[in-house]
There are 2 protein chains.
Amino acid sequence: MPRRHDPGRRQRIIDAAIRVVGEKGLAGLTHRTVAAEADVPLGSTTYHFATLDELMVAALRQSNESFAKVTAAHGGLTDPDTDLAAELAALLGEWLSGERAGVELEYELYLAALRRPALRPVAAEWADDLAERLAHRTDPVTVRALIALLDGICLQVLLTGTSYDEAYAREVLSRVIPAGP
Amino acid sequence: MPRRHDPGRRQRIIDAAIRVVGEKGLAGLTHRTVAAEADVPLGSTTYHFATLDELMVAALRQSNESFAKVTAAHGGLTDPDTDLAAELAALLGEWLSGERAGVELEYELYLAALRRPALRPVAAEWADDLAERLAHRTDPVTVRALIALLDGICLQVLLTGTSYDEAYAREVLSRVIPAGP
DNA sequence: CGCCGTTATGTACGCTCGTACACATGGGAT
DNA sequence: ATCCCATGTGTACGAGCGTACATAACGGCG
C-alpha cells in the first residue's frame with residue numbers, strides 16, 4: 001500500500017481527466033477511466049469530485065487558464081500599434097499548434113454546456129476573457145464578430161481535419177475590423 | 001398484437017430520434033429511449049438500425065435535408081442582384097426561429113463528429129451544400145469565411161441563450177464580403 | 001504519545017446500456 | 001395454396017456506469 005497521503009493528487013486527477021477527454025472524448029470521461037489514467041483507486045476520484053460535473057468544471061477551468069496564459073503572453077494584443085488581425089491569427093495558430101487535447105477539450109465541453117447548465121458559466125469564461133482584452137482595441141460589435149469568427153475557424157479546422165491557415169485567418173479577420181481613422 | 005407490418009416505421013423511428021435529441025441531448029439517445037418515443041418495441045430499433053451510429057447518421061442526414069429545403073426556398077441566395085449578407089442573415093434567422101430541436105441536433109452531432117468518424121462526412125454536408133450555393137456569388141476564401149462566421153454566430157446564440165440579432169448578423173457578414181466592382 | 005478529523009481505499013448495489021438471438025408473422029413469388 | 005424470407009418481437013446476458021458506505025491509514029495537535 002504505497003503512496004498514502006499524496007498531496008497534489010487532486011491536481012493529478014484533473015490532469016488525467018484532460019488526457020482522457022483528449023484521447024476518448026467527453027463521452028469517455030468516467031470516474032473509472034480517470035481513476036485508471038491517474039493511477040488512483042476509484043474511490044479517490046469520487047472523494048475529490050463527488051460528481052462528474054464537478055470534475056468537468058475543474059478540467060474546463062484549468063484549460064481556460066492555460067488559454068489565458070497564451071493570450072497573456074501575447075502582449076501585442078493590447079498594444080494599440082499592432083495589427084489586431086495578425087495578432088489574433090497568430091494567437092489562434094499558437095493555440096491550435098500546441099496541445100490538441102486542450103483545444104478539443106475546450107470545444108467538447110463548450111458544446112456539452114448546451115445541455116449541462118453547470119458548465120455554462122465556465123464555458124463562457126473563454127469568450128468573456130478574450131472579449132475583455134479586445135474591448136480596448138475596438139467596438140463591442142466588432143469584438144463579438146471577431147470571437148464568432150475565431151470560433152467558426154476553429155470549428156472548421158477541427159472538423160474538416162484541414163490544417164490551420166494563418167494567412168487566411170488574418171485576411172478574413174482583418175475584413176471584420178472597421179478601417180481605422 | 002396490433003400494428004404488424006407497419007410501413008414507414010423506419011421513418012417514425014428517425015423522427016423519434018430527432019425528438020429525443022432535442023429533448024435530452026445526444027447523450028440521451030439510446031435504442032431504448034428512441035423505442036419508447038416512437039412507441040415501438042426495443043427490438044424494432046435495433047432491427048432497422050443495427051448500431052447507434054447508423055441511427056445518428058440517418059437523423060443528421062434528415063436534418064440536413066430540412067435545412068437544404070429552407071435554403072432552397074430562399075431563391076435570393078443565388079440571385080446576383082440581392083444583398084448577399086442580408087440574405088444569409090435572414091436565412092439564419094429563419095432557421096434559428098424555426099425548430100430549435102433541429103438546430104441543436106445539427107450542432108450536437110456536428111461536435112460528435114469530432115470523435116465519431118462515421119458522422120464526419122454527413123456533418124460536412126451542411127457546410128458543403130451551403131458552400132456550393134455561395135460559390136456563384138463570391139470567391140472561395142469569402143465563402144469559407146462566411147460559413148465560419150455563420151457557425152460562430154449560431155454557436156454564440158445557442159450557448160449564451162441570447163436571442164438572434166439579425167441586424168447585427170447582416171452587418172458583420174457584409175464586412176466579410178469584399179466590396180463589389 | 002494518544003486522539004481525532006481529514007484523506008484514502010475497496011467493495012458492493014442497483015441501474016441502464018448495446019447487443020444477440022430464438023421465435024412469431026405476414027406478404028409476395030411460385 | 002404453399003413456401004420463403006424480410007420484417008417484427010420479447011427476453012436475456014454481460015459489461016460498464018454512478019454512487020454509497022464501512023473501514024483503514026495518516027498527520028497535526030494537545
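The values are calculated or read from the model by the stated rules, or taken from the named source; none is laboratory data. It should be emphasised that the depicted structure is a prediction, and the values quoted were computed from it without experimental measurement. Every residue, glycine as well, gets a Cβ built from its backbone with ideal geometry; the counts of neighbours run over all protein chains shown. For the accessible areas, the whole protein counts, side chains as well, though only heavy atoms, and no ligand, DNA or RNA atoms are used. Shrake-Rupley method; radii C 1.70, N 1.55, O 1.52, S 1.80 Å.
Put simply, of A:A50, A:A89, A:A36, A:A59 the only residue that is free of Cβ contacts under 8 Å to residues at least 40 places away in the same chain, out of contact with any strand residue (DSSP E or B) (no Cβ under 7 Å at 6 or more places or on another chain) and in a helix (DSSP H, G or I) is A:A36.
Among residues that are within 24 Å of A:Y168 (Cα to Cα), basic (K, R) and open to solvent by 30 Å² or more (accessible area, probe 1.4 Å), A:R116 is not included.
Within segment A:129-153, being charged (D, E, K, R) and either more than 10 Å from chain B (Cβ to nearest Cβ) or under 20 Å from B:Y110 (Cα atoms) (or both) holds for A:D129, A:E132, A:R133, A:R137, A:D139, A:D151.
The residue that is modelled with the lowest pLDDT, among those in segment B:39-56 that are charged (D, E, K, R) and open to solvent by 50 Å² or more (accessible area, probe 1.4 Å), is B:E54.
Taking the listed residues B:E87, B:E94, B:E106, the one that is buried (at least 16 other Cβ atoms within 10 Å of the Cβ), of a type in the set (D, E), farther than 23 Å from A:A113 by Cα and within 20 Å of the chain's Cα centre (by Cα) is B:E87, with no other qualifying. Within segment B:42-59, not a single residue is touching a Ser or Thr at 6+ places or on another chain (Cβ under 6 Å), within 14 Å of chain A (Cβ to nearest Cβ) and either within 16 Å of DNA strand C (Cβ to nearest atom) or not charged (D, E, K, R) (or both).
For B:L173, are the conditions met, namely being in contact (Cβ under 8 Å) with a residue 40 or more places away in the chain and either in contact with a strand residue (DSSP E or B) (Cβ under 9 Å, 6 or more places away or on another chain) or at the interface with chain A (Cβ under 7 Å from one of its Cβ atoms) (or both)? Answer is no for this residue.
In this structure, A:V21 does not satisfy being β-branched (V, I, T), within 14 Å of DNA strand C (Cβ to nearest atom) and at pLDDT 90 or above.
The set of residues from segment A:119-157 being among the β-branched types (V, I, T) and buried (at least 22 other Cβ atoms within 10 Å of the Cβ) comprises just one member, A:I153.
Listed conditions (1) in a loop (DSSP other than H, G, I, E, B); (2) more than 11 Å from chain B (Cβ to nearest Cβ) are all met by A:R115, apart from (2). The set of residues in segment B:26-51 being of a type in the set (V, I, T) and near DNA strand D (Cβ under 9 Å from one of its atoms) consists of B:V40, B:T45, B:T46. One residue alone among B:A16, B:A59, B:A36, B:A27 is within 29 Å of B:D128 (Cβ to Cβ), hydrophobic (A, V, I, L, M, F, W, C) and open to solvent by 50 Å² or more (accessible area, probe 1.4 Å), and that residue is B:A27.
With respect to B:R10, determine if the residue is closer than 24 Å to A:L114 by Cβ, more than 10 Å from DNA strand C (Cβ to nearest atom) and surrounded by fewer than 19 Cβ atoms within 10 Å (Cβ to Cβ). Answer is no for this residue.
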